[in-house]
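Take a look at the structure below.
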Amino acid sequence: MAEYAVKHQVSGGSEFNYNRMSWIKPNALWRILRCGWGNKEYQERVLTLWLNKSDFEGILGQAVFSNFTTCYYENHEQWKQQLQEKEVRLQWDPYHDTYGNKLTKGAIQLGLKGESLKLLTSSCN
């Protein structure tokens, strides 16, 4: 999949699955740590893409938190309904230093699938 993206400068190809969640990890160190420095199976290649700030903010506006929080949802049912309806997930993971030690701040990542992922990958040319 990475080979196709590099060659064509767009995601896609016969092996690309738009129904599988793909993750945007804005922090370079976090990306490389999560893929095991390129040694995890199927994560040997990590792609970087450029997004306009307005596109990134638009994705954020569509996001549902991966975990229930009373700050944003009235109840579990509302949150679960949004999880079913929306294709973008917002998740905070522990941030790590260059040695892999957990820090107190979080690292944001956004998961996209379906039409949201198609729109993202088609707008990053």
- When you go through (1) free of Cβ contacts under 8 Å to residues at least 60 places away in the same chain; (2) in a helix (DSSP H, G or I); (3) under 24 Å from Ile108 (Cα atoms) one by one for Glu44, which number turns out not to apply? (2)
- Does any residue in the stretch 1-30 that is in contact (Cβ under 8 Å) with a residue 12 or more places away in the chain come within less than 6 Å, Cβ to Cβ, of a residue that is among the charged types (D, E, K, R) and assigned to a loop (DSSP other than H, G, I, E, B) six or more places away or on a different chain, and which pairs are these? Met1/Glu15; Ala2/Arg45; Asn19/Lys113; Met21/Lys113
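A quick yes/no check of all residues on (1) closer than 24 Å to Arg20 by Cα; (2) part of a strand (DSSP E or B):
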{"site": "Val64", "(1), (2)": "yes, yes"}
{"site": "Thr69", "(1), (2)": "no, no"}
{"site": "Tyr72", "(1), (2)": "no, no"}
{"site": "Trp92", "(1), (2)": "yes, yes"}
{"site": "Tyr99", "(1), (2)": "no, no"}
{"site": "Lys105", "(1), (2)": "no, yes"}
{"site": "Leu110", "(1), (2)": "yes, yes"}
{"site": "Glu115", "(1), (2)": "yes, no"}
- Of the residues that sit in the stretch 21-45 and are more than 16 Å from Pro94 (Cα to Cα) and within 12 Å of the chain's Cα centre (by Cα), which one is surrounded by the most Cβ atoms within 10 Å (Cβ to Cβ)? Ser22
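Rule-based calculations on the coordinates, nothing more; no lab input. Everything numeric here is computed off the predicted structure, so don't read it as measured data. Glycine gets a Cβ as well: all are built from the backbone with ideal geometry, and neighbour counts include every protein chain shown.
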